Amino acid sequence: MIKELNQTEVLKVADELKDIIHMISGMEKEAMDIDRRLISYGLDSILLLTLSKQIDSRYQLVIPLDIFFTTLNTLRLVAEHIVINSPMVQEETQEIDSVESEMLPAIDSSLNSNSLDFGNLVKIFDSQYHIIMKQNEILKLITEPNKKKEPEAVKPAQKQKPQPGRQTAAQRVDYFVPYRKMELHQEDEVPPLQLAYIKNIEQRVNNLTKTSKEQTQKYRHVYASNRNSAGFRLLYKEMLYQIIADQGRGDKLVDLDGNEMIDLTMGFGALLFGHNPDFVKKALLAELEKGMPLGPMGRLTGEVASDIAQLTGVERVFFCNSGTEADMFAVRVARAVTGKNKVVCFKGAFHGTYDGVLGIPMPTDDPDLNTISLTPGITDNSVRDLILLDYDSEDSLSYIESHADIIAAVLTEPVQSRRPDLQPGPFLKKLRAVTEQCNIALIFDEIITGFRICTGGAQEYFGVKADIVTYGKVIGGGMPIGILAGKREYLDSIDGGMWKFGDNSVPPCDDKRTFVAGTFCHHPLAMTAAHAVLQFIKENKEQIYDNLNQKTAEMVTELNEFFDLEKVPVHINHFSSLFRFNINLEKEIFYYGLLEKGIYVWEGRNCFLSTEHSNEDIQYFINAVKKTINEMKNAGFFQ
């Protein structure tokens, strides 16, 4: 039996939902129409996921994210669903019904008797008071829906701890998050001319890379790959598959259909020296001949650690298998040494797939409640000790300083890989000063910037010395590697610190020693490749970085001048040899236009130049971009 809707209750719940949306987005309640589609509020999938979690917390009712795009796509529909299905709302309604059922007979009894029972009536009126107040609130919503509240009298200012930064809907930056719900039911309304261009590119891409598409479908039932569904949109469904490579050499890829492509993904930034550089290949073949013994300590491990210390200025080094592991161990070490629990990260940064850094910020000054989990499978308790703040913000510095007693570490990408235009040197210097004064470990995630901008990475570039630094990608030469490095004070918690043979010394830091391990840490092939890369850098560092950084800057300048001349809303941001196109998601066909012309850019859209990209290859890429932009203009994309 379908429950009859109480419209008064629906309006009450709708107003509570407005409060929640105001809290998570900063949007004013007066701007919210309960019959408008939720997506018209500018709520992205992350904010809608937060709304879903808030509804579950408040009303004990789970609403899947995709429902907000389909059957429950307005506040009124969501409120009606809550009124019908929420046990919390039903419980409140039953309480009111109970009061009324007790009240009415008592009133009838009093009116029918010769003398009124005033004591009984007082109890009745007291119990009814809160109902009347709620009714008044709802009546105001009905009769004065657009009337703004009068400003309250100004109260004396009270000193409060700064809250994590929150922007209004108008100011909010759509910062990078590593996980978003798929928009499975979103219908794209595309003008006919644009649609014709998309379908034309689709046909050409499908014909060009048909074996990659066939292989993706053939093995989908057995091979689970998140990349095969990343960014799913019905409009581009027939092009949503990975290019499967058969060969890689220098800055080129060859796919299963024999197409040679200029690679701008370059192993997600790992291949600074191109695919299969001769000096790495030679070293790996020699190591394979030695049997790559796994178990005992490798003969190159100590030398690689010494080379890293020499080039970067760190004091000690620990090897693991990936950037995710390095960041996870860095946080563990910081907590072990400082004896504190909370870790600050910044919105828009990426620190791998460790549960403890995958959260969504909530606008509250309670450090135990200001983060919830980002994805299914990660509990809110996993991110209970994570605090997410705005990057390059004075408010964030104040927050860190005022909560220093509970913050163990600040983990940051000095230059966020998804916002390479943001290069906040002054902020990093202030952050270093605050963390140093407050006994907070400053951790630089240099998985991407390390050994790419210069030998000393972002620490050298910005003149800021972190306590802990994590490296990966470039130093591995294409082999999997993660590195945790930094000051002795922190790295001593891995092995207990310095001691010697032949005397009575013992590890001095056992009280702060934590646990780290891994079967393939300092794998012989990874150490061999890293050793070869470091030797090459030491011998050629004067030429490598200046040439590559200049080449990237000149390419970016030429293309940005072209975009300005053509008056198209496209721009390239870059840092060193990392660059990203700043282009609206509705222009996603741009990347497929490049692919059709032999330019490979992965779905995460970070691009990298390598030492192997020749001037001719770069000019070909520039021409391909210009041609694609002109095609899109002719198809009406930039009107």
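Just to be sure I understand, how many residues within region 328-378 are hydrophobic (A, V, I, L, M, F, W, C), open to solvent by 10 Å² or more (accessible area, probe 1.4 Å) and under 30 Å from PRO508 (Cα atoms)? Working first, answer last.
Here is the first cut: in region 328-378, the residues hydrophobic (A, V, I, L, M, F, W, C) are 328-331, 333-334, 336-337, 343-346, 349-350, 357-358, 360, 362, 369, 372, 374, 378.
In the following step, the residues that additionally are open to solvent by 10 Å² or more (accessible area, probe 1.4 Å) were identified as 328, 336-337, 349-350, 357-358, 362, 369, 372, 378.
Those left that are additionally under 30 Å from PRO508 (Cα atoms): 328, 336-337.
The number of residues fulfilling the criteria is 3.
Go through region 534-549 and count every residue that is over 23 Å from PRO296 (Cα atoms) and in contact (Cβ under 8 Å) with a residue 24 or more places away in the chain. First the steps, then the outcome.
So in region 534-549, the residues over 23 Å from PRO296 (Cα atoms) come out as 535-549.
Those left that are additionally in contact (Cβ under 8 Å) with a residue 24 or more places away in the chain: 535-538, 541, 544-545, 547-549.
Qualifying residue count, region 534-549: 10.
Go through region 57-66 residue by residue and tally those that are within 23 Å of the chain's Cα centre (by Cα) and open to solvent by 20 Å² or more (accessible area, probe 1.4 Å).
Residues in region 57-66 being within 23 Å of the chain's Cα centre (by Cα) and open to solvent by 20 Å² or more (accessible area, probe 1.4 Å): 2 in total.
Please count how many residues of region 461-495 are in contact (Cβ under 8 Å) with a residue 24 or more places away in the chain, open to solvent by 10 Å² or more (accessible area, probe 1.4 Å), not in a loop (DSSP other than H, G, I, E, B) and not aromatic (Phe, Trp, Tyr).
The total comes to 5.
If you go through region 394-425 one residue at a time, how many are farther than 25 Å from GLY472 by Cα and either open to solvent by less than 20 Å² (accessible area, probe 1.4 Å) or in a strand (DSSP E or B) (or both)? Walk me through how you get there before you give the answer.
We begin by selecting, within region 394-425, every residue farther than 25 Å from GLY472 by Cα; these are 394-407.
Pick out the ones that are also either open to solvent by less than 20 Å² (accessible area, probe 1.4 Å) or in a strand (DSSP E or B) (or both) and you get 396-397, 399-400, 403-404, 407.
Number of matching residues: 7.
Just give me the residues in region 595-637 being in a strand (DSSP E or B) and touching a Phe, Trp or Tyr at 6+ places or on another chain (Cβ under 8 Å), in sequence order.
Start the filter on region 595-637 by keeping residues that are in a strand (DSSP E or B), which leaves 599-600, 607-608.
If the condition is that a residue be in a strand (DSSP E or B) and touching a Phe, Trp or Tyr at 6+ places or on another chain (Cβ under 8 Å), then ILE599, CYS607, PHE608 are the ones that fit.
SER382 fails exactly one of the following numbered conditions: (1) at pLDDT below 95; (2) outside any helix (DSSP H, G or I); (3) out of contact with any Phe, Trp or Tyr (no Cβ under 9 Å at 6 or more places or on another chain); (4) not hydrophobic (A, V, I, L, M, F, W, C). What is the number of that condition?
(2)
When you scan region 581-601, do you find a residue that is closer than 29 Å to GLY456 by Cβ, small (Gly, Ala, Ser) and either open to solvent by less than 30 Å² (accessible area, probe 1.4 Å) or out of contact with any His (no Cβ under 7 Å at 6 or more places or on another chain) (or both), even just one?
The answer is no; no qualifying residue exists.
Kindly evaluate LYS512 against the criterion of being touching a residue at least 24 places away in the same chain (Cβ under 8 Å) and open to solvent by 20 Å² or more (accessible area, probe 1.4 Å).
Yes, satisfied.
Condition first: surrounded by fewer than 16 Cβ atoms within 10 Å (Cβ to Cβ) and assigned to a loop (DSSP other than H, G, I, E, B). Now tell me which residues in region 20-39 satisfy that.
GLY26, GLU28, ASP33, ASP35, ARG36
Touching a Phe, Trp or Tyr at 6+ places or on another chain (Cβ under 6 Å) and without any contact (Cβ under 8 Å) to a residue 40 or more places away in the chain - does that describe any residue in region 317-334?
The answer is yes, given that some residue of region 317-334 is touching a Phe, Trp or Tyr at 6+ places or on another chain (Cβ under 6 Å) and without any contact (Cβ under 8 Å) to a residue 40 or more places away in the chain.
Those residues that are modelled with pLDDT of 95 or more and of a type in the set (A, V, I, L, M), I need them from region 517-532; list them, please.
The answer is LEU525, ALA526, MET527, ALA529, ALA530, ALA532.
Looking only at region 193-232, how many residues end up being under 19 Å from VAL601 (Cβ atoms) and in a helix (DSSP H, G or I)?
Count: 14.
Please list, ordered by residue number, the helices (runs of 4 or more DSSP H) wholly in region 272-362 having 3 or more residues that are in contact with a His (Cβ under 9 Å, 6 or more places away or on another chain).
On the way: elements: 278-289, 301-312, 323-338.
The qualifying helices (runs of 4 or more DSSP H) are 301-312, 323-338.
Consider GLN459 carefully, then state whether it is over 25 Å from TYR391 (Cα atoms) and either touching a helix residue (DSSP H, G or I) at 6+ places or on another chain (Cβ under 8 Å) or of a type in the set (Lys, Arg) (or both).
Answer is no for this residue.
Residues are listed down the side, and each one gets a yes or a no for (1) touching a residue at least 60 places away in the same chain (Cβ under 8 Å); (2) of a type in the set (S, T, N, Q); (3) within 22 Å of LEU234 (Cα to Cα):
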{"position": "VAL570", "(1), (2), (3)": "no, no, no"}
{"position": "SER577", "(1), (2), (3)": "yes, yes, no"}
{"position": "TYR591", "(1), (2), (3)": "no, no, yes"}
{"position": "ILE599", "(1), (2), (3)": "yes, no, no"}
{"position": "CYS607", "(1), (2), (3)": "yes, no, no"}
{"position": "GLU612", "(1), (2), (3)": "yes, no, no"}
{"position": "GLU616", "(1), (2), (3)": "no, no, no"}
{"position": "MET632", "(1), (2), (3)": "yes, no, yes"}
{"position": "PHE637", "(1), (2), (3)": "yes, no, yes"}
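Kindly indicate the residue of region 305-317 that is crowded, with 20+ Cβ neighbours inside 10 Å and out of contact with any Gly (no Cβ under 9 Å at 6 or more places or on another chain) and also farthest from ASP467 (Cα to Cα) among those meeting that condition.
Of everything passing the filter in region 305-317, ASP307 is farthest from ASP467 (Cα to Cα).
LEU428 versus (1) touching a residue at least 60 places away in the same chain (Cβ under 8 Å); (2) surrounded by 21 or more Cβ atoms within 10 Å (Cβ to Cβ): which is the lone unmet condition?
(1)
Suppose we filter GLU30, GLU16, GLU80 for residues that are modelled with pLDDT of 70 or more, in contact with a Pro (Cβ under 9 Å, 6 or more places away or on another chain) and not aliphatic (A, V, I, L, M); which single one remains?
Being modelled with pLDDT of 70 or more, in contact with a Pro (Cβ under 9 Å, 6 or more places away or on another chain) and not aliphatic (A, V, I, L, M) holds for just one of GLU30, GLU16, GLU80, which is GLU30.
The values are calculated or read from the model by the stated rules, or taken from the named source; none is laboratory data. Quick caveat: nothing in here was measured; it's all calculated off a predicted structure. Ideal geometry is used to build each Cβ from the backbone, glycine not excepted, and the neighbour counts take in all protein chains shown. Ligands, DNA and RNA are excluded from the accessible area calculation, which covers all protein heavy atoms including side chains. Shrake-Rupley method; radii C 1.70, N 1.55, O 1.52, S 1.80 Å.
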